[in-house]
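One structure below.
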Amino acid sequence: MGMTVQRITSMQLEDKFRQLSSGRRINSAADDAAGLSIAVKMLAQEMGTAQGTANTADMSNLVKTAEGGLSGIQDSLQRVRELSVQAANDTLTGEDRQLIQHEVDSLLEGIGDMVRSTEFNKQKLLDGSFVNKHTASSADGSGKQISIDSMSVQQLGLQGYSVLGGAASVDLDALDAAISTVSTARSKLGAIENTFEHTMIANDITELNTAAARSRIYDADMAKALMGANKAQTMQQYQIFTQKERQNNQQRSVLSLLG
């Protein structure tokens, strides 16, 4: 019986020291099988949520890159419109309009360059190929689908745009439509950026709450573990003392009988 109590006390002491050294209440399935199962699932949820936040941040940066490209295109279109209004004025000669056309051509070519060069991780963003791209923003891999329309000169309806004919050739309606198309695309991306910001905030809160819940199940209460270790250690010392006393008493009894 005494050896059984000592063995139990020794196991309790070993368990408390293991908790104190690892900082965990559950160090093996034997400690709490159900608790371990729950904690492992929570850890998977926690890590998935953290990765979802990182994925969302990456996609947010991609969207910001696309929006930057659209901003440059819009600035160029505004300048083309300004030049078009200038070219519509009949105080200009054909030579003057030729100079204006050179700048218009350069601006439209620059738009084409921006469409070709605006990319993220080797993915073109403004040429119409970025369609139904998935954002794995949640722990289960779900999230928002993103598409960005083509902003090529052809798609904007400005292929071959000319101001050489003065007011007769200037098409402000086409320019306004192109500017509106770019503005709409920028607005959509801005709304997506805001959605991503809210998603990342929500993910951070979810991750924090999940980690706290998992900690309550998985991690050791250090104060409680320390008290338990002290108690078990005191019991072990008491058992050693009583065992020695018992042995001493037995020896004295034997000597008494022999004397």
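The values are calculated or read from the model by the stated rules, or taken from the named source; none is laboratory data. Source: prediction; values computed, not measured. Here the Cβ positions follow ideal geometry from the backbone for every residue, glycine too, while neighbour counts run over all protein chains shown.
Structure data summary
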| read-out | value |
| --- | --- |
| Residue within region 30-39 that is surrounded by fewer than 20 Cβ atoms within 10 Å (Cβ to Cβ), hydroxyl-bearing (Ser, Thr, Tyr) and part of a loop (DSSP other than H, G, I, E, B) present | no |
| Selection status of MET151, surrounded by 15 or more Cβ atoms within 10 Å (Cβ to Cβ) and assigned to a loop (DSSP other than H, G, I, E, B) | yes |
| Filtered residue count, region 167-187, keeping only those that are in a helix (DSSP H, G or I) and either closer than 30 Å to MET47 by Cα or at pLDDT below 95 (or both) | 2 |
| Residue in region 146-162 that is among the aromatic types (Phe, Trp, Tyr) and under 32 Å from the mean Cα position of the chain (by Cα) present | no |
| Residues that are among the hydrophobic types (A, V, I, L, M, F, W, C) and buried (at least 20 other Cβ atoms within 10 Å of the Cβ), drawn from region 159-187 | VAL163, VAL170, LEU175, ALA178, VAL182, ALA185 |
| Test: residue in region 114-124 that is at pLDDT 95 or above, surrounded by 13 or more Cβ atoms within 10 Å (Cβ to Cβ) and assigned to a helix (DSSP H, G or I) | yes |
